[in-house]
Structure formats: C-alpha cells, structure tokens
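> Structure provided below as structure tokens; questions to follow.
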Amino acid sequence: MNSIDVTKINMDGLARTGPKAYIHLDRLNHNFSVIQNNAENCSIMCIVKTNAYGHGGVLVSKTLEKAGCKWFGVFTHEEGIELRNAGLDQNIFILCKLNKEALGAAVEYNFSLNLSSWDDFRLLEEYYSNNRILPKVHLKIDTGMTRLGFDFKDTEAVLDKIVNFKPLNCEGIYSHFATADEGDLRYAHTQLKRFQTIIHKAEQKGVRFRYTHCSNSGALLTLPGSKFNMLRVGLLLYGVYPSDEAPHSIPVKPVMDYRGTVVELRKVDAGVPVSYGGIWTSKKDTQIGVVQSGFADGVPRPWFEKGTVGYRGKRYPLAGRICMDQLTVDFGNDDITIGEEVLFWGEDHGIQISIEEISKDILSTPYVIFTGLSNRVKRIPVS
C-alpha cells in the first residue's frame, strides 16, 4: 500500500479553503510615503509588533525596509530575532520591559532596549559587570499613561544616574500618550508639556539624546508639536485611523482584505435553526452557505448579530453564531459558487467593509480585531 502524506493533504486543503488575508503592498508603500510627507524630516519607527498588527511581520518589515524605513518597533526580543533571521538589517527597538534574556539577545542581534525602571538599571549594571558590553537603550518616561516608564517626577534622579553610568549608551528618550486620538486633548497636552520639561532638564544637565519620540499615530494627526525628531507609527501605517475623533488628514489606504471560502451550500426551509444555540432561525426558504473561517481565525464572534459579508458586489447577512472554525451566511436564493471567497473586511467588487465598521458593531477596536488573526490565516502579498 502506498503511504499518504497527510500533512501535505491538510496544508493543500488549507491553502484552498482556509482564511486568507491579502496584503496590498502597494498600499503599504503608499501609507509609508504619505506619513513621511507629514513627518517634517523626522525618523519614522514603524511598529510591527504582534505580527505587524496581524498583517505579517516579516512581509511588512521587508517591504518597508525596501521603502526606506530605518527603524522597526517590536514588543519582544523573539519578534526581533524573527526579523533578523529574515534578513532585516535596520534598527530594531524592543518595547517590552527589559529582562535578562532580552539583554543577551540585544547584544547578539543589535537591538535597542527599553529602559523604564530602577530595576532595569540594576540588570544593566550586572550585565556589564559580567560581560563588559551593553546594548543601546531608550529611556522611557511615564508622563501619564501609568504603565511602563520612570515617573516624570523622578526625572532629575534618573538623568543623574545616566550621567554617572558611563558605559551606558542611552541613545533615545520617549514617552507614550494615553489620549492623543480623542476629541478632548487636554490631558495629551499635559503629557506633552511634562515631556518637554524633561527634555529641557536633560539639556541643562548636558544629557543629549540622538532620538526623542513621543508621537504615535493619534498624535501625528492631532498634536503637531509632539513630533520632536522621531515618530512611532502603528495603526495608521496599515491604513486605519486610530479613532473618528482624530482628523483623517493623512490619506492612508487599508492594507488588508480578509476573506474566507464558501465550502458548502445548504437549502433550508423557513423556521430552521442555524448554528450553536439555535438563536438564528430562517424566516423563509433560503440557502445557507458554510464559510471555512471562524473566531479561531480572528473573525469576531460577537459580529454575528450585525455582520455581513461581501460576495460579487452584494452584502449578505451572517446566519447564527460564528463557530471556532466556520461561520454560516444567509445567501437567499442567489447563485453562489462553492470554492469562491466572501469578503469579511476590505474591498471587493465595489463592496467596502471597513474594520472600523465591524469594531463599532461589536464595541471593539481595530487593534483588537487585527491582532486576533491567527497563524492559520494565510497572508498573501498582492500589489
């Protein structure tokens, strides 16, 4: 009996029928370009953490490197190593809390690390004592996010420590806004003033930083005075505005079209319950399509109540609860072809379904939905 490569069969089936995220590299390049045009000669750190917000970390980073990006921000050193192993040669900044494992990786792979607490200083001193070498760091000041970072009230002591810690190469200083994408910017202005005061104190002490950054996607749109000489851009890079309250003044384009494949069609009579709980019931004789994508692939489960998918220029409502691996669609009596794809979000045949629309329907955010896309989703570059 001939042996069968089950793994190959499964992978081929996934390639045919599994969920697919089409990543428009031309739109990504466009977004980087228009952001550059609004950067006022600042360096741009492209935030590619969490698999580039679900878009594919290596694919996005290599594309942006070719477009001229010199800085990439990831959260963990493992994400940084993945980019280095893929051949990325540019600067990589690790955003997470400094730790022993990251120290060794930063030296080996040339990462810059986040210096955000007195414990971090102790780890750096211990590492230098044992290895006589240190990675570059960026000093993080908490100006009001109340997360990582030295309290802004402790700035003078922190700066004194940097002055006296001679082996340390503190190449950058930064902070993070909590409300830069909201309509009420008073708190963001308070944070900005605190950060500006800290920069002034550093200058008085003779501490110079090569990179000063505070502006994120929201601040780029709302706080022009926050640019300094580096910007950290995440969501805007992927063609999504951080909120409706922030001006949509930079003409970005959505980079991802997310789709699933119709694998089954079923004729059902009126009054037939569909999917878990039977909470959706057909109101008339209709045709139910089974699409091989579910909440394990990042299709938000709460979306079944208001959700629609696009097919050949028309929207069709979801029918019943979204399952782990599949979902069901009410196609009525229209002509549907098994093996063709439906659009979850993006653009196809004149239909536009934005991730912002879905976010509002389920009281979530594009950040949450994008980063929920699992590794089962095949990222396919298109241009």
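> Mind listing the long-range amide H neighbours of Asp142? Cut-off is under 5 Å, sequence gap 5 or more, other chains count too, H placed in the peptide plane at 1.01 Å from N.
The list, which skips near neighbours in sequence, is Phe150, Asp151, Phe152.
> Please list, in order along the range 252-266, the HN-Hα scalar couplings obtained from phi with the Karplus expression 6.51 cos²θ - 1.76 cosθ + 1.60 (θ = phi - 60°), rounded to whole Hz, x for Gly and Pro.
8, 10, x, 8, 10, 10, 10, 9, x, 9, 6, 10, 7, 10, 10
> Can you give the angle from 0 to 90° between the axis of helix 57-67 and the longest principal axis of the chain, with both taken from C-alpha atoms, to the nearest 10?
The two axes meet at around 60 degrees.
> Tell me, in nm to one decimal, what length is gained between Asn110 and Ala67 on full extension, where the rule is 0.36 nm per residue of separation less the Cα-Cα distance? Before the final figure, lay out the partial values.
Working: separation 43, 0.36 × 43 = 15.48 nm, distance 2.14 nm.
This chain segment gains 13.3 nm when fully extended.
> Could you list which residues have their amide H under 5 Å from that of Val309, counting only those 5 or more apart in sequence or on another chain, with H placed in the peptide plane?
Those qualifying (amide H under 5 Å, at least 5 residues apart or on another chain) are Tyr316, Leu318.
> Compute the length gained on full extension between Lys97 and Asp154: take 0.36 nm times their separation in residues and subtract their Cα-Cα distance, giving the result in nm to one decimal. Mind dumping the intermediate values first?
Values: separation 57, 0.36 × 57 = 20.52 nm, distance 1.85 nm.
Length gained between Lys97 and Asp154: 18.7 nm.
> Just report the Cα centroid separation between the range 30-52 and the range 137-171, whole Å.
The range 30-52 and the range 137-171 have Cα centres spaced 25 Å from each other.
> Now a separate question. Nearest 500 deg cm²/dmol is fine: what mean residue ellipticity at 222 nm does the chain get from its DSSP H runs of n ≥ 4 alone, each adding -39,500 (n - 2.57), divided by its residue count? Could the numbers behind the result be given before it?
Numbers: 12 runs with 121 residues, N = 383.
Value at 222 nm, helices only: -9500 deg cm²/dmol.
> While we're looking at this one, here's another question. Subtracting the Cα-Cα distance from 0.36 nm times the residue separation, let me have the gained length for Arg84 to Asn37 in nm, one decimal. Don't jump to the answer; show the numbers that get you there.
On the way: separation 47, 0.36 × 47 = 16.92 nm, distance 2.79 nm.
Length difference between fully extended and current span is 14.1 nm.
> Related question: Quick check on my link table: of Lys153/Lys360; Lys284/Lys306; Lys70/Lys253; Lys97/Lys306; Lys49/Lys227, which ones sit more than 29 Å apart, alpha carbon to alpha carbon?
Details: Lys153/Lys360 38 Å; Lys284/Lys306 19 Å; Lys70/Lys253 22 Å; Lys97/Lys306 39 Å; Lys49/Lys227 21 Å.
Going by Cα-Cα distance, Lys153/Lys360; Lys97/Lys306 fall outside the 29 Å limit.
> Let me ask you something else. Tell me, what ³J(HN,Hα) does each residue in the range 359-371 have, in order and in whole Hz, if you take phi through Karplus 6.51 cos²θ - 1.76 cosθ + 1.60 with θ = phi - 60° and put x for Gly and Pro?
3J(HN,Hα) across the range 359-371, in whole Hz: 4, 5, 4, 10, 6, 10, 9, x, 4, 5, 5, 4, 6.
> While we're looking at this one, here's another question. Rounded to two decimals, what ratio of Rg to Rh does the chain give with C-alpha atoms and a Kirkwood Rh?
1.05
> Further, regarding this structure: Net charge near Gly73: determine it from the other residues with C-beta under 10 Å of the C-beta of Gly73, scoring Lys and Arg +1 and Asp and Glu -1.
Values: positive: Lys49, Arg232; negative: Glu79.
So the surrounding residues net to +1.
> Further question: May I ask you to evaluate 6.51 cos²θ - 1.76 cosθ + 1.60, the Karplus curve with θ = phi - 60°, for each residue of the range 230-243 and list the ³J(HN,Hα) values in order in whole Hz, giving x for glycine and proline?
Per-residue couplings from phi come out as 8, 10, 10, 10, x, 3, 4, 4, 8, x, 10, 7, x, 6 Hz.
> Which of the trypsin sites (Lys or Arg not before Pro) found in the range 153-255 are in a DSSP loop and have at most 12 neighbouring Cβ atoms, other than their own, within 10 Å? Show your work: numbers first, answer last.
Numbers: sites: Lys153, Lys161, Arg186, Lys193, Arg194, Lys201, Lys205, Arg208, Arg210, Lys227, Arg232; in loops: Lys205, Arg208, Arg210, Lys227.
Of the trypsin sites (Lys or Arg not before Pro), the ones in loops of the range 153-255 whose Cβ has at most 12 other Cβ atoms within 10 Å are Arg208.
> For Arg301 and Asp26, what is the calculated FRET efficiency with R₀ set at 41 Å and r taken between the beta-carbons, to the nearest 0.05?
Numbers: r = 32 Å, r/R0 = 0.79.
Result of the calculation: an efficiency of 0.80.
> With r defined as the distance between the Cβ atoms of Glu340 and His248 and R0 fixed at 25 Å, what FRET efficiency is calculated, to the nearest 0.05?
On the way: r = 33 Å, r/R0 = 1.31.
Plugging the Cβ-Cβ distance into 1/(1 + (r/R0)^6) gives 0.15.
> Here's something else I'd like to know. Pull up all non-local amide H partners of Ile351: gap of 5 or more, or a different chain, and H-to-H distance under 5 Å with H placed in the peptide plane.
Gly313
> Report the local net charge at Leu113: Lys and Arg +1, Asp and Glu -1, summed over other residues whose C-beta lies under 9 Å from its C-beta. Provide the component values of the computation, followed by the final result.
On the way: positive: Lys136; negative: Asp120.
Overall, the nearby charge balance is 0.
> So, R0 is 25 Å and r is the distance between the beta-carbons of Trp118 and Arg210; what FRET efficiency does that work out to, to 0.05?
On the way: r = 23 Å, r/R0 = 0.93.
So, using R0 = 25 Å, E works out to roughly 0.60.
> Now for a separate question. By counting other Cβ atoms within 10 Å of each Cβ, how are His248, His176 ranked from fewest to most? Don't skip to the end; give the middle numbers.
Values: His248 11, His176 23.
Ranked by crowding around the Cβ, least crowded first: His248, His176.
Any read-out appearing in this document is the output of simple, stated calculations on the displayed coordinates, not a laboratory observation. Remember, it's a predicted structure, so these values are computed and weren't measured experimentally. Ideal geometry is used to build each Cβ from the backbone, glycine not excepted, and the neighbour counts take in all protein chains shown.
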